[in-house]
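Worksheet for the structure shown next.
The values are calculated or read from the model by the stated rules, or taken from the named source; none is laboratory data. Predicted, not measured: the structure shown is a model, and the values here were computed from it. Backbone-built Cβ (ideal geometry, glycine too); neighbour counts: all protein chains shown. Calculation scope for accessible area: heavy atoms of the full protein, side chains included, ligands and nucleic acids excluded. Shrake-Rupley method; radii C 1.70, N 1.55, O 1.52, S 1.80 Å.
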Amino acid sequence: MFISRRTPHLRQTIYAIGIAFLTFWVVLASFNSKTQLQQIKERGVLKVATLRSPNTYYLEGSQPEGLEYQLANTYADSLNVRLQIRVYPDFEHLFRALDDRTAHVVAAGLPDIPPWNQKYIDSGSYAFDTPVVIYRQTQGFTPAKTIEALADNRIELVANSPSEIKMRTLRKHTAGLRWHAVKTSNELDILTRLQNREIDYAIVSQRLWKNYASYHPELRRAFNLEQPQPLTWFTRNHIDSSLEDSLTDFFNKHETQQLVTRLIQESKPPNNPLNYFDTVSFRNAVETRYAQLKPYFSQAAEETGFDSILLASIAYQESHWKEHAVSPTGVKGIMMLTEGAATEVGVNDRTDPHQSIIGGAKYLQIMMDKIPERIPPPDRLWFALAAYNIGYGHLEDARILTQKGGKNPDLWKDVREFLPHLADEAIYPETRYGFARGEEPVTYVKNVRAYQKILLTEERLSQLRDLKIDPVTDS
């Protein structure tokens with residue numbers, strides 16, 4: 001038999017490979033013995049899948065916001081790891097992220113209901129929600145009060161959402177119940193279509209409806225599809241429960257419960273201060289006139305330092321953004337300038353929107369410069385607005401009356417009590433500038449502040465409605 005001289009070397013090589021192979025499996029077995037939570041901590045990244053919507057995650061400018069984002073960020077901090085948010089376009093892709101292991105957690109404000117809690121592991125509840133049926137209030141329209149009454153109507157909801165899951169169950173017992181499922185995660189789009197009479201009913205999250213109902217005064221809730229359900233996060237069904245247990249402990253903490261309460265409160269926009277008709281008129285003006293004037297407000301803001309939303313709110317109070325508006329006293333244009341004020345700020349044509357807006361902002365700056373610097377914001381701005389409306393001299397008369405009345409002439413809440421006295425026959429003859437309709441600047445400032453509040457929210461709502469159904473994105 002022939003034996004190669006290289007046989008010992010071959011044996012050594014085989015032996016070395018065997019040792020290396022054995023070592024590899026020992027190391028791999030050691031690695032796999034680590035829990036999910038240990039692996040997340042060692043890698044230093046928590047991967048969270050969510051949806052882009054007002055209730056979950058969105059960008060405010062370039063900054064991520066949303067209740068689910070804030071909660072996920074807090075949980076990641078508690079683990080001392082970095083949060084990696086992956087945003088998915090719909091519910092189907094959302095849970096696929098758990099299946100293909102590209103996400104550790106689904107955090108999207110989802111109820112603990114089948115089929116999700118049958119396939120995935122829930123992690124304890126932190127809030128409640130339920131689908132609600134919304135309709136547009138119209139003369140002669142009788143809204144549905146039962147599921148059966150929804151049959152044969154144009155209904156819209158988000159595809160594969162909790163609303164559609166519930167409707168699929170209800171359809172088994174209700175003939176003629178149909179709906180259009182929209183592939184989006186943004187229910188504000190559906191409310192807008194209902195507002196525009198493109199559909200008969202919208203089915204959306206109760207949380208979203210409660211937050212934005214005051215900005216849709218023409219819309220009403222018909223009924224809830226079911227009782228409120230607990231919201232939870234989901235993880236992959238795994239023999240190791242370390243991540244699930246950690247999340248449950250996190251949501252059970254008193255600090256987390258306080259955080260959730262605060263985040264829910266902060267997620268609500270300010271209540272709409274306008275009544276039904278004012279809101280409808282304001283929204284129509286936003287849709288038909290505001291967009292054309294917006295560049296002028298931005299330019300005026302850059303030149304004067306005032307907020308563009310404030311200037312737009314003043315203009316709406318003055319003229320409802322109508323360039324040819326004229327008052328009985330002869331003031332005219334978008335910013336309703338007098339001839340004297342227009343001359344002072346270099347406006348040749350008061351009905352020219354560009355000139356009027358720039359000029360109005362400059363005139364407000366003149367009023368602001370006259371207000372004593374010792375008066376802090378925001379009172380100094382309210383005084384400037386009052387002076388813009390009634391004239392600086394009359395404002396000074398009211399401040400003197402305020403001081404004589406034992407109140408603080410540097411506080412707007414005190415001065416606004418005395419402004420109406422400028423129309424009192426027993427008082428105004430003793431003032432330097434005489435009679436003035438002092439109630440008007442009080443209403444003026446109140447309205448400007450209201451329009452500023454609602455316009456800020458309308459701008460934000462517009463951004464939220466325009467949330468794109470992007471491919472999967474990281475944040």
With all protein chains in place and a 1.4 Å probe, Leu98 shows an accessible area in Å² (nearest 10) of 0
Say each of Arg221 and Asp112 gets a label point 7 Å from the Cα, pointing the same way as Cα to Cβ; how far apart are those two points in nm? 2.2
Protection proxy (average C-beta count within 10 Å per residue), highest first, orders 446-453, 157-164, 308-315 as 308-315, 157-164, 446-453
Name the trypsin sites (Lys or Arg not before Pro) in segment 242-317 that are in a loop by DSSP and that have at most 14 other C-beta atoms within 10 Å, would you? Lys253
Per-residue accessible area for Asp99 at 1.4 Å probe radius, Å² rounded to 10? 80
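Compute the accessible area per residue over the chain, keeping the other protein chains in place, probe 1.4 Å, unit Å².
Working: 24190 Å² over 475 residues.
Value returned for the chain: 51 Å² of accessible area per residue.
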Carbon-plus-sulfur fraction of the accessible area of the chain, 1.4 Å probe, in percent? 50
What is the diffusion coefficient of segment 44-110 in µm²/s, taking the Kirkwood radius over Cα pairs and the Stokes-Einstein relation at 10 °C with a viscosity of 1.306 mPa s? 134
If you project the alpha carbons of segment 179-260 onto the principal axes, what extent comes out on each, in Å, largest first? 50, 28, 21
Name the chymotrypsin sites (Phe, Trp or Tyr not before Pro) in segment 84-168 that are in a loop by DSSP and that have at most 12 other C-beta atoms within 10 Å, would you? Phe141
If you take the square roots of the eigenvalues of the alpha-carbon gyration tensor of segment 264-320 and sort them as a ≥ b ≥ c, do you get rounded (a/c under 1.5), prolate (a/b over b/c) or oblate? oblate
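Evaluate segment 320-475: find the radius of gyration of its Cα atoms, find its Kirkwood radius, and give the ratio Rg to Rh. Display every interim value, and only then the final one.
Values: Rg = 19.2 Å, Rh = 17.5 Å.
That ratio equals 1.10.
For the chain, what is the mean residue ellipticity at 222 nm derived from helices alone (per DSSP H run of n ≥ 4: -39500 (n - 2.57); sum divided by total residues; nearest 500 deg cm²/dmol)? Walk me through the numbers before you get to the answer.
Values: 19 runs with 228 residues, N = 475.
About -15000 deg cm²/dmol.
How about segment 76-123: which trypsin sites (Lys or Arg not before Pro) there lie in a loop by DSSP and see at most 15 other Cβ atoms within 10 Å? Walk me through the numbers on the way to the answer.
On the way: sites: Arg82, Arg86, Arg96, Arg101, Lys119; in loops: Arg101.
Those that pass, being in a loop and sparsely packed, are Arg101.
Write down, largest first, the equivalent ellipsoid semi-axes of the chain in whole Å, where each equals the square root of 5 times an eigenvalue of the alpha-carbon gyration tensor. Walk me through the numbers on the way to the answer.
Working: eigenvalues 713, 178, 89 Å².
So the three semi-axes of the chain are 60, 30, 21 Å.
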